[in-house]
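Read the structure below first, then the notes.
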Amino acid sequence: MEQLSNILASLMMKFPTDIDIDAIRAANKARREATFKRFSELYPDAFISEQFIFEVQLAESEEKPCENCKSYPCSKTKNQGWRHQVSNEDGVLVIRFGYCRYCRQFLRQRKINQQFKTAKIPALYLGKSFADYEKTPDNEKAVRMSKFVIDNPDNGLYLYGKPGTGKTFLAAIIAQEYIKRGRTVVFADVPSLLDQLKSTFNKDSDETINNLMETLSAVDLLILDDIGTESTTEWAIERLYLIVNNRYTEGKPIIATANYKLEQVAGKLNRTKNSEENVTGNRIVSRLKQICKVVEIGGNDRRI
């Protein structure tokens, strides 16, 4: 008994003793009555249980506006990314939980970004849109076609021109518009992507080349930035061919940027050690021609 008395004394010291229990009960009762009235007006013929009122109030207390899902309320605590929905099932109101589709898309994209550590939208262009892109007679067609492929996601785009003319900028805008519309994207600097694929042969690697190649085939949009500047080893060019060919056979779009015309890219990629297999670049370019609309961006280097 002495031990119990000590515990009670300790609790009384930790918590204030002037709490108005009756006021708290009255406030909770008023909340329940307000919630009951709200759903009675929405579902006048449905049965509304005390358990339902309790679950709705608990769900609403956990949900706050979420930046991942256009400010719709999602749970931030126990079931992060989940939203509640009320339904009338055979005259009885019940509460169901399901993943918010915006949070689901955010988590899918985050998983891809984590998987491809080097394949992300460059930080310089994050949050940018067409409103931030300076439109000129030299890039007007490229801007128009960029908007076209966003609205028509079965189409790819090959943007080429001198360095600094805004090709990567446009590709980053396309990527972000894709993501806003619930689609997944891998934005990859080609040399870095090939280096990451090669690193999977390291025994300490968390990923396998097969896993990465499967994702590159399945993602809604693949952006290959700076194609034609990668190392022209047989292994690298063959990987690049497999990536492009898999997208081609799956009917998935590619956005590619380069400093060169497609024919020039083919010549660069054909420079392999084995002269008998010196046509891989032609095969890559042939597929890009079939799945991409080709647009040149003119103008001078904007970075200068």
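Determine the share of the range 155-255's accessible area contributed by carbon and sulfur atoms, expressed in whole percent, with a 1.4 angstrom probe. In the range 155-255, the share of accessible area belonging to carbon and sulfur is 45 percent. Here is the result for the range 211-250: no chymotrypsin sites (Phe, Trp or Tyr not before Pro) lie in DSSP coil with at most 13 other C-beta atoms within 10 angstrom of their C-beta.
To the nearest whole percent, what portion of all C-alpha pairs in the range 112-189 is separated by more than 19 angstrom? Intermediate values should be presented prior to the final figure.
Details: 1019 of 3003 pairs.
Counting every Cα pair in the range 112-189, those more than 19 Å apart make up 34 percent.
Residue ranges 149-156, 174-181, 40-47, 217-224 sort as 217-224, 174-181, 149-156, 40-47 when ordered by packing (mean number of other C-beta atoms within 10 Å per residue, highest first). Net length available on complete extension from ARG302 to GLU33 is 90.5 nm, with 0.36 nm assigned per residue and the Cα-Cα distance removed.
Given R₀ = 45 Å, FRET efficiency for SER217-ALA23 by Cβ-Cβ distance, to 0.05?
Details: r = 62 Å, r/R0 = 1.38.
Here the calculated transfer efficiency is 0.15.
For the range 93-250, the convex hull spanned by the alpha carbon atoms encloses 156 Å³ per residue.
The values are calculated or read from the model by the stated rules, or taken from the named source; none is laboratory data. These numbers were taken from a predicted model, which means no experiment stands behind them. Neighbour counts run over all protein chains shown; Cβ positions are idealised from the backbone, glycine included. Side chains are part of the model used for accessible areas, which takes the heavy atoms of the whole protein and leaves out ligands, DNA and RNA. Shrake-Rupley method; radii C 1.70, N 1.55, O 1.52, S 1.80 Å.
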